[in-house]
Amino acid sequence: MDDGEREKARIAGVFDRASATYDQLGIEFFGTAAAELVRRTDPRPGESVLELGSGRGASVLPAAEAVGPRGRVVATDLAPGMLAGLRALTADVPWVQVAEGDAEHPPEGPWDVVQAGLVLFFLPDLHGTLDRVRDVLAPAGRLGFTWFGESDDSWQELTRQLRELAPEPAGPDPADEDRGPFSSVATMHDVLSDHGFLDPTTSTIRVQVEFSDADQWWAWIWSAGLRVMVERLEAHGVLDRARAVAAPELERRAIAGTLSWWTDIRCTLAHR
Ligand SMILES: C[S@@+](CC[C@H](N)C(=O)[O-])C[C@H]1O[C@@H](n2cnc3c(N)ncnc32)[C@H](O)[C@@H]1O
């Protein structure tokens, strides 16, 4: 297994373990991002849609509704727990097929629409993936994907303190990281043009997440990408310490009414 395959397996493992609570905490976030994605890809009755990194189907279900029974949606992910959850949710929608699959290797098309919600930034080989996605799109087919823009940096100090509790660095500080193609809308559009996509456009929506209390904040951290950090704290036996470190800040925010977090979600659409 090379480094890229190992990295994909690591990410899939995190989301597999998160899948029991992912997008099931009563917090409106993934659905909002997915609604923007499907608004922009605009699947029409009878069309074929391929969903990469489907998770529990935040954008699969609205796409399935849009294409209807004459259409077809194939949803792929590498995390078995996500796929099991999505199979249960789509059991009575026969035009949705749920299958294990690596977003870097999309199945043969031609697809009218390829959607990828909050997943492309996890892929070790984005450039190869874009070439392969372009090749499986139908002529004039649409690629739509969401990714992160600006976000609430008022949590940085707490996350820095939590990261410091585990002896080994978890990797580069996200604040310093070169985000490559994801650095800006302009860099992303250039990358898409380099890979033969036409007319890239990006919309941005700001999504704010409100937490009911400190427990729900912790549940949220365990339920999605930041799970990487808490699993590491757990592996180092410092989870109780982390809870104690976070408690005053969470309590302060609860009293001040700022137990919330926001991020900009960018939604990019391009054509073959
Ligand atoms: C942040 S979640 C987004 C899920 C869903 N699209 C949504 O909007 O709720 C990222 C998903 O991508 C999946 N994933 C990560 N790397 C993948 C890969 N190489 N191939 C397929 N799925 C992948 C994870 O298992 C996880 O379900």
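The values are calculated or read from the model by the stated rules, or taken from the named source; none is laboratory data. Computed from a predicted model, the values in this text were never measured in an experiment. Heads up, the Cβs are rebuilt from the backbone with ideal geometry, glycines too, and the neighbour counts pull from every protein chain shown. Keep in mind that these areas ignore ligands, DNA and RNA; they rest on the heavy atoms of the full protein, side chains included. Shrake-Rupley method; radii C 1.70, N 1.55, O 1.52, S 1.80 Å.
General remarks:
- Other residues with beta-carbon under 13 Å from the beta-carbon of Leu239 carry, at +1 per Lys or Arg and -1 per Asp or Glu, a net charge of +1.
- Accessible surface of the chain, 1.4 Å probe, proportion on carbon and sulfur as whole %: 52
- Gaussian network model of the chain, springs between alpha carbon atoms under 10 Å - residue of Leu123, Leu50, Leu143 with greatest fluctuation: Leu123
- DSSP H segments from the chain that extend 20 Å or more along their own axis, Cα-based, with Kyte-Doolittle mean of -1.0 or above: 3-18, 239-256
- Positive-end residue, the chain charge dipole about Cα centroid, Cβ charges, pick of Pro94, Gly196, Gly257: Pro94
- Among Asp42, Asp153, Asp131, the largest mean-square fluctuation in a Gaussian network model of the chain (Cα springs under 10 Å) belongs to Asp153.
- Over the range 32-125, accessible surface divided per residue gives 40 Å², non-protein components excluded, 1.4 Å probe.
- Calculated FRET efficiency, Asp213 to Phe148, Cβ-Cβ distance, R0 = 22 Å: about 0.30 to the nearest 0.05.
- Cβ-based net charge around Glu5, under 12 Å, with every Lys or Arg adding one and every Asp or Glu removing one: -3
- At R0 = 45 Å, FRET efficiency that the Cβ-Cβ distance of Glu65 and Ala244 yields, to 0.05: 0.45
- When the chain is treated as a GNM with alpha-carbon contacts under 10 Å, the residue of His127, His236, His105 showing the greatest mean-square fluctuation is His236.
- Alpha-carbon centroids, the range 122-165 and the range 1-75: separation in whole Å: 14
- The magnitude of the dipole of the range 105-253, with charges of +1 and -1 set on the Cβ of Lys/Arg and Asp/Glu and taken from the Cα centre, is near 220 debye.
- Paramagnetic reach from Arg39 in the range 184-205 [backbone N under 20 Å; point 7 Å along Cα→Cβ]: 185, 200-205
- Label zone (Met1, point 7 Å along Cα-to-C-beta; backbone nitrogen cut-off 20 Å) within the range 79-112: 79-84, 100-106.
- Of all DSSP-defined beta bridges confined to the chain, some 50% are antiparallel rather than parallel.
- GluC sites (Glu not before Pro), loop per DSSP, at most 15 other Cβ atoms within 10 Å - longest free stretch of the chain: 178-272
- Over the chain, equivalent-ellipsoid semi-axes from the Cα gyration tensor in Å: 32, 20, 18
- Taking the Cα centre of the chain as reference, the dipole from Cβ charges on Lys and Arg (+1) and Asp and Glu (-1) amounts to some 620 debye.
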